[in-house]
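A short write-up of the structure that comes next.
The values are calculated or read from the model by the stated rules, or taken from the named source; none is laboratory data. Quick caveat, the model's predicted, so the values are computed rather than measured. All Cβ positions, even for glycine, are placed from backbone atoms using ideal geometry, and neighbour counts span all protein chains on display. In case anyone asks, the SASA skips ligands and DNA or RNA and just uses the protein heavy atoms, side chains included. Shrake-Rupley method; radii C 1.70, N 1.55, O 1.52, S 1.80 Å.
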Amino acid sequence: MSSDHIHVSRDAGVLELRFNRPEKKNAITNAMYGALADAIFAAADDGDVRAILFTAAGDFFSAGNDISDFAATASGAIVAEPRHVGRFLEACVRAEKPLVAAVQGHAVGIGVTMLFQCDLVYVAETARLTTPFIDLGLVPENASSITMPARMGHAHAFAMLGLGEPLMGRDAVAAGLANAALPEADVEARARAAAYALAKKPAEALRITKALMRDRPTLMARMQEESALFAERLQSAEARAAFAAFLSRR
Ligand code: COA
């Protein structure tokens with residue numbers, strides 16, 4: 001499926017997936033998840049794609065899941081439509097090709113947890129990364145209940161997931177998330193250069209190395225466990241109240 005809000009391009013072995021909904025802070029709709037999932041799964045069988053690069057337009061990398069979509073799911077309004085978020089999460093966990101992210105601005109929710117599924121992350125020093133699942137009456141997704149404590153330590157991960165404390169880009173290297181924190185204007189070029197460099201490496205050796213470094217069965221199992229709980233929480237009174245509060249802010 002396609003979405004105007006995900007721009008797909010390729011160059012020199014790098015497939016670039018660009019969030020392109022800046023007027024909504026790159027909040028991710030069902031159609032956007034579908035376009036991302038399709039592109040990542042197709043890349044698996046495409047020998048010309050050697051690395052995948054996530055980029056974004058505007059001042060937000062992504063404000064996370066579109067809250068109108070959450071609210072519509074919670075109310076049952078879009079129950080008949082296939083949901084693509086699970087396919088996107090699975091595509092990232094199963095990806096055999098390296099995933100690189102250029103986080104030029106703030107990120108929320110899945111805009112943060114997807115970074116923990118990436119192999120290289122370059123972030124703006126000024127970026128502010130938050131995972132406010134609990135404030136929305138929800139629970140962590142994308143295996144972040146494993147990946148965040150594993151990378152940052154329990155205390156720091158719980159401050160983000162439990163208290164909703166932000167991680168600033170300038171602290172993201174020390175937190176084990178990012179490879180470099182850079183002036184915003186330099187982030188995309190640095191990430192792109194890393195993706196091009198990966199695209200020139202021996203592909204099979206790279207594939208095996210990535211596979212050795214990731215415990216996919218454990219990540220998939222946790223992701224599925226979280227997804228079932230997340231789906232339950234979407235229907236909760238806590239979540240519905242939080243969605244309504246966001247949607248009626250003005
Ligand atoms: N879902 C749907 N729309 C979103 C959105 C989201 N996750 N995040 C931002 N938007 C929309 C806003 O509703 C607004 O639309 P409008 O101009 O039609 O009113 C537009 O994007 C700009 O957002 P705005 O809130 O005016 O920008 P801001 O800079 O003041 O705040 C955020 C940006 C991201 C901090 C704020 O929008 C926010 O908290 N969004 C929700 C993030 C979230 O909880 N995501 C889910 C995580 S699980």
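Along the axis of the charge dipole computed for the stretch 199-250 (Cβ charges of +1 for Lys and Arg, -1 for Asp and Glu, origin at the Cα centre), the listed residues Gln235, Ile208, Ala221 are led at the positive end by Ile208. Proximity of backbone amide H atoms, modeled 1.01 Å from N, is registered between Phe133 and no other residue at under 5 Å, excluding neighbours fewer than 5 places apart on the same chain.
Solvent-accessible surface (1.4 Å probe) assigned to Met168 amounts to roughly 50 Å².
Projecting label points 7 angstrom from Cα along Cα→Cβ for Phe246 and Asp186 puts them 3.3 nm apart. Label-to-label distance for Ser75 and Arg216 is 4.0 nm, based on points extended 7 Å past Cα in the beta-carbon direction. Does the stretch 190-250 come out rounded, prolate or oblate by the C-alpha gyration tensor, with a ≥ b ≥ c the root eigenvalues, rounded set by a/c under 1.5 and, if not, prolate when a/b is larger than b/c and oblate if not? Oblate, since a/c reaches 1.5 and b/c is not below a/b. Taking each DSSP H run with n ≥ 4 as -39500 (n - 2.57) and averaging over every residue of the chain yields -13500 deg cm²/dmol at 222 nm. Each residue of the stretch 10-19 is assigned a 3J(HN,Hα), and the resulting list reads 9, 7, 6, x, 10, 8, 9, 10, 10, 5 Hz, derived from the Karplus form 6.51 cos²θ - 1.76 cosθ + 1.60 (θ = phi - 60°), x at Gly and Pro. Per residue, the accessible area of the stretch 6-185 comes to 37 Å², computed with a 1.4 Å probe over protein heavy atoms only.
Classify the stretch 36-75: rounded, prolate or oblate, from the alpha-carbon gyration tensor (a ≥ b ≥ c, eigenvalue square roots; a/c under 1.5 rounded; otherwise prolate if a/b is larger than b/c)? The shape class here is oblate. Using the Cα gyration tensor of the stretch 1-92, with a ≥ b ≥ c the square roots of its eigenvalues, what is the shape: rounded (a/c below 1.5), prolate (a/b larger than b/c) or oblate (neither)? It comes out oblate by the Cα gyration axes.
In the complete set of protein chains, residue-level accessible area for His106 is approximately 60 Å², probe 1.4 angstrom. Placing pseudo-labels 7 Å out from each Cα toward the beta carbon at Glu225 and Ala42 gives an inter-label distance of 3.5 nm. Think of the chain as a dipole: +1 on every Lys or Arg Cβ, -1 on every Asp or Glu Cβ, centred on the Cα centre; then among Leu198, His84, Leu15, Leu198 lies furthest on the positive end.
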